[in-house]
Amino acid sequence: MLTPSHNQQLIRQGMIEQALRQVDIEHEFSLVFQPVIDLRSRRTVAFEALARWSSPELGDVPPGQFIPIAERIGLINRLTAHLLGKALMIASHWPAHICLSFNLSTHDCASEKVARQIVDIIEVSNFDARRLDLEITETAIMQDVVQVQHTIDRFCQLGCGVALDDFGTGYSSLSQLLSLAFTKIKIDRTFVTGINKNPTSYKIVKSLVALSSDMQLECIIEGVETREELETLINLGCFFVQGYYFSRPIHHSHINNWLKEN
Ligand code: C2E
Ligand code: CA
Ligand code: CA
């Protein structure tokens, strides 16, 4: 039986779907950028682009709500194409040592045709692909490992980095995951929240950091919110971090100032 809150959730999803079906991608979607910090130098080395949707009917809708629906109604590839082009254009104005990370959806890796479209966008952008990391979640890989492997190989041939996002949250086979040509892994924020109170989270992060080091994969820790979490991560030998402790995602017009001040 549907509970009232479940019912409300379904109504909300229906409204999001309806608004997405008539969305003006160009005008309603934008990007914000969250810095990635190298703890050795305390400097920003990259920004992760994160999508924002301001709907005239619904107001601001977070990506966790609209991405799954955009995937379901077949809008995601158009959205990715638009946002990736925009992110590359914005990043082309950054200093040459600053990299860009961009999130791909499951559906962006699911066919040769779509992968080709993404490769084309990167090629025409004139942005040095070696400064670009494409982030793919574990759930994306579980859909079709063979196709995703092809797609990752295509991106690597271009010179892009490919990061395994939300590492540790899925249920895929570790050996299968690590046989793919990832260059980085990102440890999900759920393990960082409470790392000092929850011994299991601490042990998971410790093991994942050791694993990434053994596999010679760069490791980025997401969701650092407090000084205490940061200190624990430094003691575990982490180098790259992201989180509200350093900065929330920012508008691109603030990036130059951020780089000057940090
Ligand atoms: P993600 O790729 O794991 O991105 C990190 C999310 O954590 C972002 O949420 C970011 O704003 C948030 N975050 C960063 N630092 C902290 C922190 O210290 N504390 C807390 N509580 N949160 C933090 P956001 O922007 O709402 O994005 C949610 C998810 O939506 C992303 O998770 C990603 O999977 C997806 N997403 C966002 N933008 C895009 C996009 O352009 N394309 C696709 N396909 N997915 C996107
Ligand atoms: Ca990400
Ligand atoms: Ca995450």
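Go through the stretch 146-196 and report how many residues are open to solvent by 50 Å² or more (accessible area, probe 1.4 Å) and of a type in the set (D, E, K, R).
Residues flagged as open to solvent by 50 Å² or more (accessible area, probe 1.4 Å) and of a type in the set (D, E, K, R) within the stretch 146-196 amount to 3.
Would a scan of the stretch 73-81 turn up a residue that is among the hydroxyl-bearing types (Ser, Thr, Tyr) and over 30 Å from GLN147 (Cα atoms)? Outline the logic, then answer.
Quick first cut of the stretch 73-81, residues among the hydroxyl-bearing types (Ser, Thr, Tyr) only: 80.
If we keep only those that are over 30 Å from GLN147 (Cα atoms) too, we end up with none.
Within the stretch 73-81, none of the residues are among the hydroxyl-bearing types (Ser, Thr, Tyr) and over 30 Å from GLN147 (Cα atoms).
Pick from the stretch 187-220 the residues that are free of Cβ contacts under 8 Å to residues at least 12 places away in the same chain and not in a helix (DSSP H, G or I): which of them is nearest to ligand 3 (Cβ to nearest atom)?
Ranking the qualifying residues of the stretch 187-220, first place goes to GLY194.
Name the pairs whose Cβ atoms lie under 8 Å apart, with the first residue in the stretch 148-169 and under 21 Å from VAL36 (Cα atoms) and of a type in the set (Lys, Arg), the second in a loop (DSSP other than H, G, I, E, B) and open to solvent by less than 10 Å² (accessible area, probe 1.4 Å), and 6 or more positions between them or separate chains?
Taking only residues 6 or more apart or on different chains, not a single pair turns up.
I need a count of the residues in the stretch 25-68 that are touching a residue at least 60 places away in the same chain (Cβ under 8 Å), of a type in the set (A, V, I, L, M) and part of a loop (DSSP other than H, G, I, E, B).
Number satisfying all stated conditions: 1.
Tell me yes or no: at least one residue of the stretch 125-134 is basic (Lys, Arg), within 14 Å of ligand 2 (Cβ to nearest atom) and open to solvent by 40 Å² or more (accessible area, probe 1.4 Å).
no
Of everything in the stretch 159-180 that's among the aliphatic types (A, V, I, L, M) and closer than 22 Å to ALA49 by Cβ, which residue is nearest to ligand 1 (Cβ to nearest atom)?
Among those residues, the one meeting the criterion is ALA163.
Does at least one position in the stretch 110-118 carry a residue that is within 16 Å of ligand 2 (Cβ to nearest atom) and either among the hydroxyl-bearing types (Ser, Thr, Tyr) or surrounded by fewer than 21 Cβ atoms within 10 Å (Cβ to Cβ) (or both)?
No - not one qualifying residue is present in the stretch 110-118.
Scanning the stretch 178-187 for residues that are in contact with a Gly (Cβ under 8 Å, 6 or more places away or on another chain) and of a type outside the set (Lys, Arg), which turns out farthest from SER201 (Cα to Cα)?
THR183
Here are some residues: SER92, SER105, SER125. Which one is within 16 Å of the chain's Cα centre (by Cα), farther than 30 Å from ILE234 by Cβ and not aliphatic (A, V, I, L, M)?
Within the list SER92, SER105, SER125, the selection yields SER105.
The values are calculated or read from the model by the stated rules, or taken from the named source; none is laboratory data. From a predicted model like this one, the values you see are computed outputs, not experimental measurements. Here Cβ is always computed from backbone atoms with ideal geometry, including for glycine, and neighbour counts include all displayed protein chains. Heads up: the accessible areas ignore ligands, DNA and RNA and are worked out on the full protein's heavy atoms, side chains in. Shrake-Rupley method; radii C 1.70, N 1.55, O 1.52, S 1.80 Å.
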